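**Q** There's a structure below that I have some questions on.
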């Protein structure tokens, strides 16, 4: 066996391994529509086009149950920092509106006293009011904010080319690694075959 024959096996193995993995990745998305193979009575279609509705449903359920639930969204918006900002905004708004609505003939000192009193009431009761509103928001989120359905409907509304483009962009690096790994494995297998053939040629 000459050097060219020895190198040919691992190079062919690398090409076969790489092209096989590349084809397998393509078959995740293609063909978009079912294609019947004549005589064999077999119908083939890409995994994602064939099961897109199941996949969309599972993604929606996973996001809502394990990643981001409506309660977590409300809690994030109801953090201590946000809470203080909202109470301060309500306080400033109430004080400003009270000054605007009080008759012009009221003494400025009287207006200031009323505004200060309103501000003090909001400072004392703002936390309680906010927690009450937070509870209402959580209840509304559970009953009306269906994150699972929103995600599912959004994914199902996309055409298959858009969905393919998003998946490829998100996993481009990993898919490329799968292609390269196929080539490496094919090269190693080809190298082992070449070494075995070389050894057997000596035995003859």
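Each row is one residue, and each column tells you yes or no for (1) free of Cβ contacts under 8 Å to residues at least 40 places away in the same chain; (2) closer than 15 Å to residue 149 by Cα; (3) under 28 Å from the mean Cα position of the chain (by Cα).
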{"site": "12", "(1), (2), (3)": "no, no, no"}
{"site": "18", "(1), (2), (3)": "no, no, no"}
{"site": "30", "(1), (2), (3)": "yes, no, yes"}
{"site": "33", "(1), (2), (3)": "yes, no, yes"}
{"site": "37", "(1), (2), (3)": "yes, no, no"}
{"site": "57", "(1), (2), (3)": "no, yes, yes"}
{"site": "62", "(1), (2), (3)": "yes, yes, yes"}
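**Q** Here are 170, 147, 160: which of them is out of contact with any helix residue (DSSP H, G or I) (no Cβ under 7 Å at 6 or more places or on another chain) and on the phi < 0 side of the Ramachandran plot?
**A** From the options 170, 147, 160, the qualifying one is 170.
**Q** Being within 39 Å of the chain's Cα centre (by Cα) and modelled with pLDDT of 80 or more is the requirement here; does residue 69 meet it?
**A** Considered against the rule, which asks whether it is within 39 Å of the chain's Cα centre (by Cα) and modelled with pLDDT of 80 or more, residue 69 comes out as no.
**Q** Residue check: is residue 126 farther than 30 Å from residue 63 by Cα, at pLDDT 80 or above, touching a helix residue (DSSP H, G or I) at 6+ places or on another chain (Cβ under 7 Å) and part of a helix (DSSP H, G or I)?
**A** no
**Q** Go through the residues of the stretch 30-47 one by one and say whether even a single one is in a helix (DSSP H, G or I), at pLDDT 80 or above and either under 27 Å from residue 179 (Cβ atoms) or in contact with a helix residue (DSSP H, G or I) (Cβ under 6 Å, 6 or more places away or on another chain) (or both).
**A** Among the residues of the stretch 30-47, not one is in a helix (DSSP H, G or I), at pLDDT 80 or above and either under 27 Å from residue 179 (Cβ atoms) or in contact with a helix residue (DSSP H, G or I) (Cβ under 6 Å, 6 or more places away or on another chain) (or both), which makes the answer no.
**Q** In the stretch 152-204, what count of residues is obtained for those that are more than 17 Å from the chain's Cα centre (by Cα) and not in a helix (DSSP H, G or I)?
**A** Result for the stretch 152-204: 2.
Residues checked against (1) in contact (Cβ under 8 Å) with a residue 12 or more places away in the chain; (2) over 30 Å from residue 90 (Cα atoms):
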{"position": "130", "(1), (2)": "yes, no"}
{"position": "135", "(1), (2)": "no, no"}
{"position": "148", "(1), (2)": "yes, yes"}
{"position": "151", "(1), (2)": "yes, yes"}
{"position": "157", "(1), (2)": "no, yes"}
{"position": "163", "(1), (2)": "yes, yes"}
{"position": "167", "(1), (2)": "yes, yes"}
{"position": "170", "(1), (2)": "no, yes"}
{"position": "180", "(1), (2)": "yes, yes"}
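The values are calculated or read from the model by the stated rules, or taken from the named source; none is laboratory data. None of these values were measured; they are calculated from a predicted model. We place every Cβ from the backbone using ideal geometry, glycine too, and count neighbours over all the protein chains shown.
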